[in-house]
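Shown next, in structure tokens, is the structure this report addresses.
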Amino acid sequence: MIEVRLLRYFVAVAETEHVGRAAARLHISQSPLSRQIRQLEDTLGVRLFERVRRGIALTGEGRRLLEPARDLLRRVDGFARAAKLDAAAPPRVAIGFVTTALATGVLPAALRTLRAHHPGIQIELRHATSDAQLGFVRAGELDLGLVHSAVQLRGLVATRVVEQAYRLAIARDSPLATRPLKPESLGAAPWVALRSGDRRRERWLDACAASGFTPQIAVEVGDQASALALVGAGVGAALLPESARAAAPRGVVFRAVPWLRLRSEVWAVHRHDAPSLIAEMVRAVRQ
């Protein structure tokens with residue numbers, strides 16, 4: 001093995017054509033430099049220099065090896081610069097989230113924590129379903145997923161950061177806004193349902209069935225804002241997490257349904273080898 005240090009000595013002596021001047025450039029003594037050059041020659045099995053009247057000169061083998069040595073040193077120096085730049089660069093994290101992570105304040109709190117402890121951090125955000133996020137986390141495309149459900153983890157780390165009740169969202173002028181809530185009255189009402197691809201729809205229907213009614217779905221929408229707008233227009237009732245109340249338009253009321261066993265959860269999911277700042281963030285936002 002040839003040490004990079006010896007190649008630097010070789011190039012310095014070749015460019016100055018003088019051991020003394022090369023030693024001054026390298027900030028070492030002349031005698032150790034001469035020994036290091038002989039060591040390099042012994043390792044390579046060739047003579048690199050020969051004595052001439054004014055000092056030393058490269059041999060034919062020395063001239064042939066000079067440019068490859070320079071090229072190798074340029075590569076080594078470039079590698080070192082890249083390593084320093086990478087170490088000095090701010091950390092980067094990719095975070096996936098469901099809408100509920102925004103509505104409950106989990107994602108904003110996580111972002112504040114990251115920026116407070118890691119100034120200049122670069123954050124990539126991706127809105128996606130829970131199922132999609134789990135795939136992205138496994139593939140390394142996301143460092144953290146904020147998801148509704150922590151099933152089928154297969155080796156991932158999951159921490160529940162939010163748990164909240166579902167509420168009945170209903171137009172203020174609807175009879176259900178003041179009437180006692182019973183399964184039969186909810187079964188007779190039209191419903192605004194949230195379209196979902198990550199098993200939340202199945203959980204909702206199962207909870208309704210267990211409570212003694214089947215929702216009569218009038219329309220399906222893809223987000224809570226649309227559901228709230230249609231509820232306010234009198235299209236039907238909707239079951240939404242408590243956090244959705246903050247975005248409800250005037251004319252929509254939220255009522256507790258204590259006999260309905262359904263909870264909304266947000267889980268923070270990451271790989272075991274996730275950056276330490278991810279675990280730090282999860283601890284900060286856990287409620």
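Computed values, structure above
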| read-out | value |
| --- | --- |
| Test: Gly212 is exposed (fewer than 15 other Cβ atoms within 10 Å of the Cβ) and under 30 Å from Ile95 (Cβ atoms) | no |
| Any chance Asp86 is part of a helix (DSSP H, G or I), within 26 Å of Ala139 (Cβ to Cβ) and either in the same structural domain as Ser243 (by TED's automatic domain parsing) or at pLDDT below 85 (or both) | yes |
| Condition met for Pro68 (in the same structural domain as Phe10 (by TED's automatic domain parsing), in a helix (DSSP H, G or I), on the phi < 0 side of the Ramachandran plot and at pLDDT 85 or above) | yes |
| Selection from the range 111-150 of residues that are in contact (Cβ under 8 Å) with a residue 24 or more places away in the chain, loosely packed, with under 14 Cβ neighbours inside 10 Å and more than 13 Å from the chain's Cα centre (by Cα) | His117, Pro119, Gly120 |
| Residue check for Trp267: in contact (Cβ under 8 Å) with a residue 12 or more places away in the chain, among the aromatic types (Phe, Trp, Tyr) and over 30 Å from Arg92 (Cβ atoms) | no |
| Strands (runs of 3 or more DSSP E) contained in the range 180-286 and holding at least 1 residues modelled with pLDDT of 90 or more, under 19 Å from Val162 (Cα atoms) and not aromatic (Phe, Trp, Tyr) | 238-241, 252-256, 263-270 |
| Enumeration of residues in the range 21-59 that are part of a strand (DSSP E or B) and among the small types (Gly, Ala, Ser) | Gly55, Ala57 |
| Residue in the range 108-127 that is of a type in the set (Ser, Thr, Tyr) and either within 30 Å of Ser226 (Cα to Cα) or modelled with pLDDT of 90 or more (or both) present | no |
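To keep it simple, each residue is scored yes or no on (1) within 17 Å of Glu67 (Cα to Cα); (2) in contact (Cβ under 8 Å) with a residue 24 or more places away in the chain; (3) surrounded by 15 or more Cβ atoms within 10 Å (Cβ to Cβ).
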{"position": "Glu15", "(1), (2), (3)": "yes, no, no"}
{"position": "Gly20", "(1), (2), (3)": "no, no, no"}
{"position": "Ser34", "(1), (2), (3)": "no, no, yes"}
{"position": "Thr43", "(1), (2), (3)": "no, yes, no"}
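The values are calculated or read from the model by the stated rules, or taken from the named source; none is laboratory data. Predicted model only: the values in this text are computed from it and were never measured. Methodologically, a virtual Cβ is constructed for each residue, glycine included, from the backbone with ideal geometry; neighbour enumeration extends over all protein chains shown.
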